[in-house]
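Some notes on the structure that comes next.
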Amino acid sequence: MIPITLTVNGERVSRHVEPRRHLIDFLRLDLGLTGSHAGCEHGVCGACTVRVDGEIVRGCLVPAASLDGAEVTTIEGLSDSGEVADLQAHFVARNAAQCGYCTPGMIMTAADILRHHPDATRAQIREHLSGNYCRCTGYHAIVDAVEATLAERAARRQEERR
């Protein structure tokens, strides 16, 4: 067992972990944060997407033991912070969450677009989301939700400048 101390959703956490325990399993099994999903367990589907030190990662690929001192944000922390309240509202309004399995990872990835690419085009949104699989929506509703959120935030920024 390896001792680690990290910050998860703003809360300091210290645990002993198995060397091979992946971050997604640590979050779900050790901390009870089940919002992020374990899908393919090969880093392909994006269901396990979380932030580590501000960057999105696939939680199924990252050993928890490698995160001593890191800051991790899960969908629970992102939602609780209010950072994506508008995005979540647009997901609901456009029925972009259908079965919901991919939704936490999709919102984590979409939040990355909102933070780093506030002027993203529809094509750039699709490209950025392309690593997250969704079997239900055909992506149109998800892209619509992200695009609407970007437009709303741009209008708000423009209004604040006046």
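None of the figures in this text is laboratory data; all of them are computed from the coordinates on show. Fair warning: this is a prediction, and the values are worked out from it, not measured in the lab. Cβ atoms come from the backbone with ideal geometry, glycine included; neighbour counts cover every protein chain shown.
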task: Using the charge dipole of segment 82-161 (Lys, Arg: +1 at Cβ; Asp, Glu: -1 at Cβ; taken about the Cα centre), state which of Ala155, Asn132, Ala93 has its Cα farthest towards the positive end.
output: Asn132
- request: List the residues whose amide H sits under 5 Å from the amide H of His22, counting only those 5 or more places along or on another chain, with H placed 1.01 Å from N in the peptide plane.
  value: Ala64
field: Compactness of segment 1-159 - radius of gyration and Dmax, Cα, Å
entry: 15.8, 53
field: CD proxy at 222 nm, helix term only [per DSSP H run n ≥ 4: -39500 (n - 2.57); per residue of the chain; nearest 500]
entry: -11500 deg cm²/dmol
- prompt: What angle do you read, to the nearest 10 degrees and between 0 and 90, between the alpha-carbon axis of helix 140-161 and the longest principal axis of the chain?
  reply: 70
message: Run the numbers for Arg12 and Ala123: contour at 0.36 nm per residue of separation, minus the present Cα-Cα distance, in nm.
response: 36.1 nm
